[in-house]
Amino acid sequence: MIAMMTMAVALSGAWQIPLPIVEETNTHVVAGTATTPADDPLTRPIAASRAAEWLAPAPPEKIFGTSYLVGFGGLSVALIDTGDGLVLVDGALPQAAPAILANVRALGFDPKDIKYILSTEPHYDHGGGLAALARDSGATVVASARGAEGLRAGAMAADDPQLAYGGTWPGVDRLRVVKDGEVLALGKIAITARATPGHTMGSMSWSWPACEGKICKQIVFASSLNPVTADGYRYTSAAGAPFVAGFEKSYRKMNALKCDILISAHPDNAGEGRYNAKPGACRAYAERSRGLLAKRLADERAGNAK
Ligand SMILES: [Zn+2]
């Protein structure tokens, strides 16, 4: 009986543990365990298999003008000083919030001056720290309508290609919804929301000018465009069609954007270093995703997809 059960399990593929090689899977996520003396539910670590790599410490760094990086070796978090308040982009994992705020302070800023935190997508690796960051700074989190739904719930949407991985994160209660093309003006900087669906239907990229004297560069903080799914998901199914169409829309958008400096939500998706200031960085970013999606679709059609 045991042998038969073993055989049945083996045939069903249940032995196969998903490999944590693709970005942003919830594979190996376990319930948060408190390691700090004062248990803070909003910064309880999510033990993702790639958390240590994503959160590799990195010093805060100026990009151009009054725009900075305050995140990590494997996850981007940006800080913009608008002259009349600060704006953060993305929040990494829950346990990352104290280090992000420490980086903000190390640059000489007060986290209480953070007015907005812009979100690229409702997943735990970019949105997990938003609740703690919003609480500690008093800032409002800004996202697309679909993004805000996920961030409020602290969970993936019912149509998310990675839904089967499961996992939740601290939900955000102070949210502002913006539409594609909407401009968020604060101080001397206007930040434009750029809907870039595909990885999730609520994914949003953000662009703004960074100036030094008369020289201005357009910075694009791009949401993840990685076509990564839980096993068994099919982009070639009816449920997958809006995602494929979303990716196509996002590629066109990334190709058309003025983009002098690309910050990718996962920096390793944008080439070497923490950001990419080479000409055509946003187009190359879109091309990388287009190639991955084409391969995935071909694998699905050939019956080779997991
Ligand atoms: Zn993601």
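The values are calculated or read from the model by the stated rules, or taken from the named source; none is laboratory data. Remember, predicted model here, so these are calculated numbers, not experimental data. In this analysis, Cβ positions are derived from the backbone assuming ideal geometry, glycine residues included, and neighbour counts consider all displayed protein chains.
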**OP:** Give the residue that is nearest to the chain's Cα centre (by Cα), with candidates limited to residues of segment 260-282 that are in a strand (DSSP E or B) and of a type in the set (S, T, N, Q).
**Re:** SER264
Original post:
Would you pick out the residues in segment 209-246 that are within 16 Å of the ligand (Cβ to nearest atom) and closer than 19 Å to VAL77 by Cα?
Top reply: PHE221, ALA222, SER223, SER224, LEU225, ASN226
**OP:** Could you tell me whether segment 163-183 includes any residue that is modelled with pLDDT under 95, out of contact with any Cys (no Cβ under 8 Å at 6 or more places or on another chain) and surrounded by fewer than 16 Cβ atoms within 10 Å (Cβ to Cβ)?
**Re:** yes
Original post:
Looking at (1) within 16 Å of the ligand (Cβ to nearest atom); (2) modelled with pLDDT of 95 or more; (3) closer than 22 Å to GLN162 by Cα, can you tell me which one ARG301 breaks?
Top reply: (1)
**OP:** Among what's in segment 174-208 and is touching a strand residue (DSSP E or B) at 6+ places or on another chain (Cβ under 6 Å) and of a type in the set (Lys, Arg), pick the residue that is nearest to the ligand (Cβ to nearest atom).
**Re:** ARG194
Original post:
Looking at (1) without any contact (Cβ under 8 Å) to a residue 40 or more places away in the chain; (2) within 16 Å of the ligand (Cβ to nearest atom), can you tell me which one ILE263 breaks?
Top reply: (1)
Subject >> Cβ-Cβ under 6 Å pairs, at least 6 apart or on other chains, segment 112-125 side touching a residue at least 24 places away in the same chain (Cβ under 8 Å), far side away from the ligand (no atom under 15 Å from the Cβ) and in a loop (DSSP other than H, G, I, E, B) >> reply: ASP113/GLY85; ILE114/ALA139; LYS115/GLY85; LYS115/ALA139; TYR116/ALA139; ILE117/ALA139
**OP:** Identify all residues within segment 62-87 that are under 18 Å from the mean Cα position of the chain (by Cα) and within 24 Å of LYS214 (Cα to Cα); write none if there are none.
**Re:** TYR68, LEU69, ALA78, LEU79, ILE80, VAL87
Original post:
Which of the strands (runs of 3 or more DSSP E) contained wholly in segment 39-99 include at least 1 residues that are of a type in the set (S, T, N, Q)?
Top reply: 67-69
**OP:** Could you list, in sequence order, all residues of segment 283-306 that are polar (S, T, N, Q) and either in a helix (DSSP H, G or I) or buried (at least 17 other Cβ atoms within 10 Å of the Cβ) (or both)?
**Re:** SER289
